[in-house]
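Quick note: the coordinates plus some simple rules give every number you see, no bench work behind them. What you see is a predicted model, and the numbers here were worked out from it, not measured in a lab. When we count neighbours, we look across all protein chains shown, and the Cβ atoms used for this are built from the backbone with ideal geometry, even at glycine.
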Amino acid sequence: MRIKISSDSTCDLSSELIQKYDIGIIPLSVILGDKVYSDGIDITPQQIFDYVAATKTLPKTAACPEETYAEKFKSYLDDYDAVIHFNISSKASVTHRNAAEAAKRFGGKVHVVDSLALSTGQGLLVLKACDLAAEGKTPEEIVEITESLRPKVNTSFVPDSLEYLHKGGRCSLAALMGAKVLKLHPMIEMKDGQLYASRKYMGNLTRCLKNYVNDLAKEYPDYDQTRCFITHSCCEKEVVDMVRGMVENTFRFNEILETVAGGVVTGHCGKNTLGVLFISE
């Protein structure tokens with residue numbers, strides 16, 4: 001059986017990985033003023049940073065409509081026997097609802113999975129589905145296994161600034177000012193499909209990221225060694241290289257993949273946000 005694995009653009013997978021695993025990507029929209037862009041296609045993080053700096057407002061995002069999902073699923077089924085599609089957490093967007101409604105038109109050939117994650121937390125499940133399809137698992141088996149892994153996906157990151165989170169209503173002005181004065185960097189985690197701040201680190205970003213990686217190693221001594229992601233919103237190369245070196249020395253992943261966050265995720269977290277994402281045991 002030929003199975004097509006697809007995902008919304010919010011999985012933040014690189015073009016190389018998308019091509020390697022033949023993953024279908026359905027982009028969400030990023031809206032800057034009166035201009036609408038397709039996430040991962042015709043908008044760059046720098047455009048978002050420039051827009052926010054000039055307007056003092058965040059870009060808007062729009063979910064993919066049901067009809068667009070239906071069109072994409074139909075096109076996939078021209079060449080494949082089944083489709084398994086992954087969405088950003090249903091608690092963060094209506095994309096899952098739209099995709100699930102579209103899937104009802106195809107008589108059980110299209111399966112839609114709520115990742116309960118975002119960015120490469122979602123991407124980890126997408127690649128796991130690709131691995132399982134290559135092993136010959138049925139669509140039903142792939143859905144069952146990936147859904148069982150959702151609580152084990154570590155989706156976390158550390159932002160350099162709370163500015164974007166404040167503009168998006170996820171951080172109070174008092175918290176923003178306190179973070180600036182005290183040089184606080186929260187660890188933002190996703191649990192049960194929702195984001196919350198779990199820890200607070202003090203100091204410059206490099207120091208905070210070192211503590212973050214060390215804390216991940218303590219919290220997750222057992223993990224799926226297949227792969228992990230270092231995903232960031234345009235961090236300096238030396239910062240990313242430092243984190244990569246720590247991950248290589250602290251963990252035993254077979255593959256460490258670096259990706260830059262797409263427009264939807266970047267538009268909510270801001271520049272110099274970084275996360276190390278993997279599946280725990």
Ranked highest first by the average count of other Cβ atoms within 10 Å around their residues, in what order do 256-264, 241-249, 66-74 fall?
256-264, 66-74, 241-249
Lys and Arg at +1, Asp and Glu at -1: add these up for the other residues within a Cβ distance under 13 Å of ALA102 and post the number.
+1
Sorted by mean Cβ packing within 10 Å, highest first, what order do the peptides 146-153, 81-88 take?
81-88, 146-153
Once the dipole of the chain is set up from charges on Cβ (+1 Lys and Arg, -1 Asp and Glu), the residue from the list SER280, TYR21, THR155 lying farthest towards its positive end is THR155
Please give the helix 66-77 orientation as an angle from the longest Cα principal axis of the chain, in degrees from 0 to 90, rounded to the nearest 10.
60 degrees
Asserting the computed 222 nm helical MRE of the chain (DSSP H runs at least 4 long, -39500 (n - 2.57) per run, divided by residue count, to nearest 500) equals -12500 deg cm²/dmol
Of the listed values (i) 18.5, 58; (ii) 31.6, 109; (iii) 20.6, 74, identify the label whose number matches Rg and Dmax of the Cα atoms in Å calculated from this model.
(i)
XL table LYS104/LYS200; LYS20/LYS104; LYS74/LYS137; LYS20/LYS191; Cα-Cα > 32 Å flagged, in table order, is LYS104/LYS200
Starting from the Cα-Cα distance between ASN214 and SER75, subtract it from 0.36 nm times their residue separation and give me the gain in nm to one decimal.
45.5 nm
Between helix 119-134 and the chain, what is the angle of the helix's C-alpha long axis to the longest principal axis, kept within 0 to 90° and rounded to the nearest 10?
30 degrees
If you build a Gaussian network model of the chain, linking Cα atoms that sit under 10 Å apart, which residue out of ILE230, ILE145, ILE26 swings the most?
ILE145
Within region 5-32, name every residue whose backbone N is under 17 Å away from a label modeled 7 Å from Cα of LYS109 along the Cβ vector.
5-6, 24
Using +1 on the beta carbon of Lys and Arg, -1 on that of Asp and Glu, and nothing else charged, what's the dipole of the chain about the Cα centre, debye to 20?
960 debye
Could you name the aspartates and glutamates in cross-link range of LYS35, using Cα to Cα under 15 Å and dropping any fewer than eight places away on the same chain?
ASP50
Angle in degrees between helix 45-55 and the longest Cα principal axis of the chain, rounded to the nearest 10:
60 degrees
